[in-house]
């Protein structure tokens, strides 16, 4: 499945009728077939699942408190603590004192965390080989269309 798609989950299955359903089904199928989870796990030596990858990337701009991470991820402080514990076990983040409030801790990336982000980005940004069937003009149009969908989704939040 990773990198080339071994099993076609929807092959032979009827694709729903509306244009929106068909486009969504095909996009999901393509993305699912080219998941990078296995590549990431092999390169990093562990899985970035269960919110760990998201938190790791959220720390790139700078340290955040547990409360800020919980709010960003719409979850609880105890769950964020579990995520941070796992990232800390792998040497990707560290907890330190908050400069203005000794009761709070700041979570920040370590050099290992920055390296893990760089590795993950190189894997996640590598397009599947099948993209090569599209011309530069088609890729530009596809990018524009996807950007419109992303913008519309963000404006609804």
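Observations on the model:
- Residues of segment 46-63 that are under 15 Å from residue 86 (Cα atoms) and either touching a strand residue (DSSP E or B) at 6+ places or on another chain (Cβ under 7 Å) or without any contact (Cβ under 8 Å) to a residue 24 or more places away in the chain (or both): 47, 49, 54, 59.
- Some residue of segment 64-73 being within 19 Å of the chain's Cα centre (by Cα), loosely packed, with under 15 Cβ neighbours inside 10 Å and touching a residue at least 40 places away in the same chain (Cβ under 8 Å): no
- If the condition is being part of a helix (DSSP H, G or I) and surrounded by 11 or more Cβ atoms within 10 Å (Cβ to Cβ), then segment 130-139 contributes 130, 131, 138, 139.
- Annotation: of all residues in segment 64-78 being outside any helix (DSSP H, G or I) and in contact with a strand residue (DSSP E or B) (Cβ under 7 Å, 6 or more places away or on another chain), the one that is farthest from residue 110 (Cα to Cα) is 65.
- Residue 129 satisfies every condition listed in (1) over 18 Å from the mean Cα position of the chain (by Cα); (2) closer than 25 Å to residue 34 by Cα; (3) without any contact (Cβ under 8 Å) to a residue 60 or more places away in the chain except (3).
- Test: residue in segment 110-121 that is in contact with a strand residue (DSSP E or B) (Cβ under 6 Å, 6 or more places away or on another chain) and either assigned by TED's automatic domain parsing to the domain that holds residue 23 or under 23 Å from residue 35 (Cβ atoms) (or both): yes
The values are calculated or read from the model by the stated rules, or taken from the named source; none is laboratory data. Computed from a predicted model, the values in this text were never measured in an experiment. Cβ: placed from backbone, ideal geometry, glycine included. Neighbour counts: every protein chain shown.
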